[in-house]
Amino acid sequence: MKIAILSQDSSLYSTRRLKESGEQRGHEMHVIDYLRCYMNITSHKPMVMYGGKPLEGFDAIIPRIGASKTFYGTAVVRQFEMMGVFTPNESQAISRSRDKLRCLQLLAREGIGLPVTGFAHSTKDIDGLINVVGGAPLVIKLLEGTQGIGVVLAETYQAAKSVIEAFRGLDANILVQEFIKEAGGADLRCFVVGERVVASMKRQGAEGEFRSNLHRGGSAQKVKLTPEERSTAVRAAKIMGLKVAGVDLLRSNHGPVVMEVNSSPGLEGIETATGVDVPRKIMEFLEKYAAQGNARDRTQG
């Protein structure tokens with residue numbers, strides 16, 4: 001098959017591994033900087049252009065869209081969809097998962113376990129907002145934050161009030177969530193491909209750090225999931241419409257709760273911790289579905 005990896009940087013670990021894996025399996029792999037693509041939007045012959053030439057003959061794309069480039073990146077993915085090219089993660093699914101508030105609303109509608117979460121616009125409603133999630137300590141998150149940036153643990157009521165006022169004073173959209181103390185600064189990253197968790201790791205925050213992100217000094221190790229955790233991860237990815245996803249869970253006293261569903265999960269941490277060849281799992285999925293011309297059978301909504 002002819003496969004395009006939509007990535008800004010061919011030297012990134014995840015991009016390199018996907019390219020190597022595809023080539024080892026006999027596929028023609030191309031890394032394409034989606035920000036350099038431009039589009040010819042016509043009724044009868046939609047095209048994606050790159051370097052002055054149309055990108056034609058692709059059987060599948062693998063979107064690796066950066067969070068800050070979601071708008072343009074998903075427009076490029078959507079153009080490939082219009083051309084009938086298979087993608088494991090459609091443009092709408094990527095946009096849906098990147099909107100943290102919308103993501104949580106959709107998961108809540110389907111009965112997925114979540115931390116108690118509040119959202120408000122006016123600083124006049126801070127007292128009520130804090131009470132919605134059960135008071136301090138609580139976690140305050142910027143809706144646009146990634147990799148643990150813009151996530152604050154407020155240990156007292158006054159601290160929570162000050163942080164919320166500061167963020168809203170900057171006109172930043174925030175979520176307020178209950179603090180799952182029993183998680184002990186650890187979370188579970190479940191890597192979903194198709195309708196299976198193919199690899200899972202436990203990420204532990206650094207000493208004195210409640211955020212478990214590896215980018216913030218956390219450590220990771222292979223973990224065995226419970227059937228409920230496995231089912232929750234697969235269901236969360238499916239609700240988002242993602243066929244390749246990293247689903248982050250916390251172990252709470254009332255079962256697994258979903259923190260985030262990531263449409264472009266990194267491969268280095270999960271491969272290092274588990275020893276699982278994740279790119280091979282992704283390629284096997286593409287071979288099964290793209291080769292069947294399954295682009296027409298995509299999740300709607």
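If you wrap a convex hull around the C-alpha atoms of region 8-112 and split its volume per residue, what is the figure in Å³?
It is 135 Å³ per residue.
Percent of accessible area on region 1-88 owned by carbon and sulfur, 1.4 Å probe?
The nonpolar share, carbon plus sulfur, comes to 50 percent.
Using the heavy atoms of the protein chains alone and a 1.4 angstrom probe, what is the accessible area of region 1-88 per residue in square angstrom? Numbers along the way, then the final one.
On the way: 4260 Å² over 88 residues.
Ligands and nucleic acids excluded, the result is 48 Å² per residue.
Considering every Cα-Cα pair within region 223-275, what fraction, in whole percent, is farther apart than 19 Å?
29
Quick check: residue separation of Ala159 and Glu228 times 0.36 nm, minus the Cα distance between them. What number comes out in nm? Provide the component values of the computation, followed by the final result.
On the way: separation 69, 0.36 × 69 = 24.84 nm, distance 3.50 nm.
21.3 nm is the gain from fully extending Ala159 to Glu228.
For region 115-178, what value does the Rg/Rh ratio take when both radii are computed over Cα atoms and Rh is the Kirkwood radius, given to two decimals? Mind dumping the intermediate values first?
On the way: Rg = 10.3 Å, Rh = 11.3 Å.
Using only Cα positions, Rg/Rh for region 115-178 is 0.91.
Please work out how much length the chain gains when fully extended from Ser252 to Asp277, using 0.36 nm per residue of separation minus the C-alpha to C-alpha distance, in nm with one decimal.
6.1 nm
Along the Cα→Cβ direction, 7 angstrom out, place labels at Met39 and Asn173. What is the inter-label distance in nm?
Going by the 7 Å Cα→Cβ label model, 2.1 nm.
For helix 13-24, report the angle its Cα long axis makes with the longest principal axis of the Cα atoms of the chain; keep it between 0 and 90° and round to the nearest 10°.
With rounding to tens, the tilt is 30 degrees.
Might you tell me the accessible area per residue for region 115-178, computed with a 1.4 Å probe and given in Å²?
Per-residue value: 49 Å².
How far, in nm, would the chain grow between His121 and Tyr13 when pulled straight, counting 0.36 nm per residue and subtracting the alpha carbon separation? Don't skip to the answer; put the middle values down first.
Numbers: separation 108, 0.36 × 108 = 38.88 nm, distance 3.90 nm.
Taking His121 through Tyr13 to full extension adds about 35.0 nm, to one decimal.
What angle do you read, to the nearest 10 degrees and between 0 and 90, between the alpha-carbon axis of helix 227-240 and the longest principal axis of the chain?
It works out to around 60 degrees.
Quick one: if the Förster radius is 30 Å, what FRET efficiency do Ala136 and Tyr72 give, using the C-beta to C-beta distance and rounding to 0.05?
0.15
For labels at Ala166 and Glu56 in the simple 7 Å Cα→Cβ model, what's the distance in nm?
Going by the 7 Å Cα→Cβ label model, 5.6 nm.
Accessible surface of Arg16 in the full protein assembly, 1.4 angstrom probe, to the nearest 10 Å²?
100
Give the calculated FRET efficiency between Gln221 and Ile149 to the nearest 0.05, with a Förster radius of 41 Å applied to their Cβ-Cβ distance. Write out the running numbers ahead of the final one.
Values: r = 24 Å, r/R0 = 0.58.
With R0 = 41 Å, the Cβ-Cβ based efficiency is 0.95.
Where in the chain lies the longest segment free of GluC sites (Glu not before Pro) that are both loop residues by DSSP (not H, G, I, E, B) and have at most 14 other Cβ atoms within 10 Å?
208-301
Kirkwood hydrodynamic radius (Cα pairs, Å) of the chain?
It is 20.2 Å.
The values are calculated or read from the model by the stated rules, or taken from the named source; none is laboratory data. The model shown is predicted, which means the values in this text are computed figures rather than measured ones. Positions of Cβ are backbone-derived with ideal geometry, glycine not excepted, and every protein chain shown enters the neighbour counts. Side chains are part of the model used for accessible areas, which takes the heavy atoms of the whole protein and leaves out ligands, DNA and RNA. Shrake-Rupley method; radii C 1.70, N 1.55, O 1.52, S 1.80 Å.
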